[in-house]
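Here's the structure we're looking at; comments come further down.
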Amino acid sequence: MATTEMSVPGGGIIVGKPKWRPLESEGNLAMLLLLPTIALLLMFIAYPFMRGILLAVTNSKVGVIGDFVGFENFARLLKDPIFHAVVYNTFLYTFVTTVFKLILGLWLALLLNRDFKFKAFTRAFILLPFIVPTVLACFAWKWMFDPTFSVLNWMLFKLGVVAAGAGVNWLGDGDLAMLSIMIVNIWRGVPFFAISLMAGLQTISPDLGEAAAIDGAKPLQRFWYITWPLLMPVTMVVVLFSVIQTFSDFQIVYVMTGGGPANATHLFATYAYQLGVGTGLLSQGAAVSLAMFPLLFGIVIFQLMYIRRVETR
């Protein structure tokens with residue numbers, strides 16, 4: 001706090017009461033600047049999360065407040081065969097797409113990290129699948145997978161794989177529908193992996209590779225023993241973000257298949273939406289959403305522990 005001084009006749013000085021200036025304190029200023037962020041977190045994260053917990057322990061429906069039922073909704077999920085399929089689909093979908101996005105993204109990153117003509121344009125163009133709105137891209141892919149007007153079926157016919165008029169029903173078969181949404185997710189997620197891993201590659205000194213080449217190391221050996229270990233921390237962070245986003249994916253599945261055929265492509269998010277909004281069973285939909293939280297939380301904790309162990313080596 002600042003003090004005020006006033007001169008009086010005879011040369012004396014009267015010291016006044018200190019003025020209260022709260023913003024001169026770094027702690028007070030920091031809290032003031034954090035208030036908008038805290039308000040947004042409380043409004044859009046904390047409140048919906050707590051509201052979801054309250055819904056999950058009641059039997060609320062659309063237009064009906066409902067009564068407290070405890071863990072009855074979660075017990076019902078354990079007996080629900082569709083929920084069992086949802087758990088399997090979500091883990092399979094997340095694992096397969098993450099592996100392919102990592103492999104293809106790393107391959108693209110190694111290519112984009114080289115010097116070639118139109119390098120800047122190519123790097124910008126490679127981001128196109130990630131920039132295009134998800135719903136718009138999914139409608140385009142849905143047309144490509146159409147059993148009657150599918151471009152893919154036309155290509156298979158021209159290659160002699162299928163007969164005329166015998167197109168593959170990509171989104172009408174359970175296994176093929178799951179494969180189709182995986183392809184779309186991989187197509188959309190590869191640019192994120194490629195650009196992120198390329199940024200990590202540019203932090204690695206080229207002198208290390210040149211020294212290894214002088215010592216007789218082959219390209220594959222230089223990658224495996226030099227590039228890959230140095231790129232591992234960045235890779236784990238990218239994989240962590242991808243797993244979180246893929247595990248809770250909604251738009252691709254909802255637009256492409258809606259969870260069908262016969263619930264074959266339902267994930268946590270789409271099944272929760274179908275129960276909570278489609279049928280009006282708000283409490284059961286909230287229970288499905290909350291059931292996803294501990295599973296995803298466990299995966300995130302495991303990956304964070306692994307990242308810390310890698311960084312401390």
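The values are calculated or read from the model by the stated rules, or taken from the named source; none is laboratory data. It should be emphasised that the depicted structure is a prediction, and the values quoted were computed from it without experimental measurement. Note: ideal-geometry Cβ built from the backbone for every residue, glycine included; neighbour counts use all protein chains shown.
Considering only residues of the range 223-253 that are aromatic (Phe, Trp, Tyr) and surrounded by fewer than 19 Cβ atoms within 10 Å (Cβ to Cβ), which is farthest from Leu111 (Cα to Cα)?
It comes out as Phe250.
So that you can scan it fast, the table gives a plain yes or no per residue for (1) in contact (Cβ under 8 Å) with a residue 60 or more places away in the chain; (2) touching a Leu at 6+ places or on another chain (Cβ under 9 Å):
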position	(1), (2)
Val237	yes, no
Thr257	yes, yes
Ala287	yes, yes
Pro294	no, no
With the condition kept exactly as written, say whether any residue in the range 256-267 is in a helix (DSSP H, G or I) and surrounded by fewer than 20 Cβ atoms within 10 Å (Cβ to Cβ).
-> no
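I'm trying to understand the selection: among the residues of the range 268-287, which are small (Gly, Ala, Ser), within 18 Å of Gly63 (Cβ to Cβ) and assigned to a helix (DSSP H, G or I)?
Of the range 268-287, the ones small (Gly, Ala, Ser) are 269, 272, 276, 278, 280, 283, 285-287.
From the residues that got through so far, the ones that are within 18 Å of Gly63 (Cβ to Cβ) too are 276, 278, 280, 283, 285-286.
Scanning the range 268-287 gives Gly276, Gly278, Ser283, Gly285, Ala286.
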Of all residues in the range 232-250 being outside any helix (DSSP H, G or I) and not hydroxyl-bearing (Ser, Thr, Tyr), the one that is farthest from Phe95 (Cα to Cα) = Phe250
Within the range 31-66, considering residues that are in a loop (DSSP other than H, G, I, E, B) and in contact with a helix residue (DSSP H, G or I) (Cβ under 7 Å, 6 or more places away or on another chain), the one surrounded by the most Cβ atoms within 10 Å (Cβ to Cβ) | Ser60
Would the range 15-33 turn up any residue that is among the basic types (Lys, Arg), under 23 Å from Gly278 (Cβ atoms) and either modelled with pLDDT of 75 or more or in contact with a Ser or Thr (Cβ under 8 Å, 6 or more places away or on another chain) (or both)?
-> no
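Each row is one residue, and each column tells you yes or no for (1) under 19 Å from the mean Cα position of the chain (by Cα); (2) not charged (D, E, K, R).
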| residue | (1), (2) |
| --- | --- |
| Phe268 | yes, yes |
| Tyr271 | yes, yes |
| Gln274 | no, yes |
| Leu282 | no, yes |
| Ala287 | no, yes |
| Leu295 | yes, yes |
| Ile301 | yes, yes |
| Arg308 | no, no |
